[in-house]
Amino acid sequence: MSSTTEPAPPGSHIGRAAPFFAGIWLFFLLEPLTEAWDHRDELRGMLGILTTLVFALVYLALWLGARDGREMRGRPGLSRALVYLGALMILGVAMVALIGPIGAACSPFIAVGAIMVLPLRQAAPVVGALVVADLVLFHVTDAGSPAGLLFGLLAASVAVLGVRTVVSRNYELLRAQEENARLAVDHERSRFARDLHDILGHSLTVITVKAELAGRLLQDDSPAATDRARAEVADLERLSRDALADVRRAVTGYRDVTLPGELSRARMVLEAAGIDAVLPGSVDDVPTDARELFAWTVREGVTNVVRHSGARTCEVRLSATGAEVRDDGAGDGPAADGPGSGLLGLRERAAAIGATVETRRLSPGFSLQVVLA
């Protein structure tokens, strides 16, 4: 993308509700908090209450940090992830030390935090270590069965892993859609630039040639030359209006290029340039679906003849399988210095219907040919 701003991840409305979503699950810390409250007259009870509340705040802070979805995609900064997990683990150990085995209710929250902020290959060992730690704790303290705690730990881990996977895939899908949209815009810009080049390149070439001819005629004081100069100036005005209309059609996305129209223009511009034109008298043999391509071929070929060839004669040949523009000039066509924008655009149009563009030097002259497959 041309813009460097990262798109908002899918489900960002869920991210805005993250504190509320996380706060619901803090219900499971009520049991250790109640246990600590029962010993509030003792130092360990007060510290247990404080530790549990701080643990809940740190866990909420982790969800707040995940509101933009980056942690859910497993790509936060390593130092930030370690701060979150390190704080939760230290507070969790303190809860167990102050409250007893019931403080292990914090372990599912630590597992969820690990899955949120670490890649799976790093989060899995953390979850495994929490399972082992809970088993050892309940065995050593003979506090009963840890089955419920372990089930909650594993269920929460799997659930958050699923959420993170869905968010990550949706985010990547959004990025792919935005990239496709950007490529479509770039393609349309290229198409428009190509069409504008073809339209204005031809029109301005004709206008330039006629302006030069009118300038030479004005140097002759004879009535015939003056009348011809007036006619050329009138043609200049008409051509300018036609060019403006072509540009307007291109801007609105319409193409109005016809093969008979281009042959008529070719005769006019070649005559103005002092080049004899040999043009077909009919386009009946040309397939309907190839006429627009052949029209662009005539336009590009005649424009190049006027610009580059220095020719005396230009011939346009049309058939059911191809179109060719050839001249008897010096042979310095556009291929001499590499393909120009006009030829590149013509090749793109030809490729769209399976045709090919061929350029070759003649002795003397130059040939531009489009051949249908």
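Over 11 Å, how big is the tail of the calculated P(r) for region 83-122, in percent of all Cα pairs?
Details: 472 of 780 pairs.
That tail contains 61 percent of the Cα-Cα pairs.
Between ASP276 and HIS187, what is the FRET efficiency for a Förster distance of 56 Å, r being their Cβ-Cβ separation, to the nearest 0.05?
Taking R0 as 56 Å, the efficiency between ASP276 and HIS187 is 0.85.
Counting only protein heavy atoms and a 1.4 Å probe, tell me what percentage of region 98-243's accessible area is made up of carbon and sulfur. All intermediate terms of the calculation are to be shown ahead of the outcome.
Details: 5070 of 7790 Å².
Carbon-and-sulfur percentage of accessible area, whole number: 65.
Note down, for region 116-203, the three equivalent ellipsoid semi-axes (square root of 5 times each alpha carbon gyration tensor eigenvalue), biggest first, whole angstrom.
Working from the Cα gyration tensor, I get semi-axes of 60, 10, 5 Å.
The values are calculated or read from the model by the stated rules, or taken from the named source; none is laboratory data. Bear in mind that the values here come from a model prediction, so they are computed numbers and not experimental data. We place every Cβ from the backbone using ideal geometry, glycine too, and count neighbours over all the protein chains shown. Remember, those area values only see protein heavy atoms, side chains included, never the ligands or the DNA or RNA. Shrake-Rupley method; radii C 1.70, N 1.55, O 1.52, S 1.80 Å.
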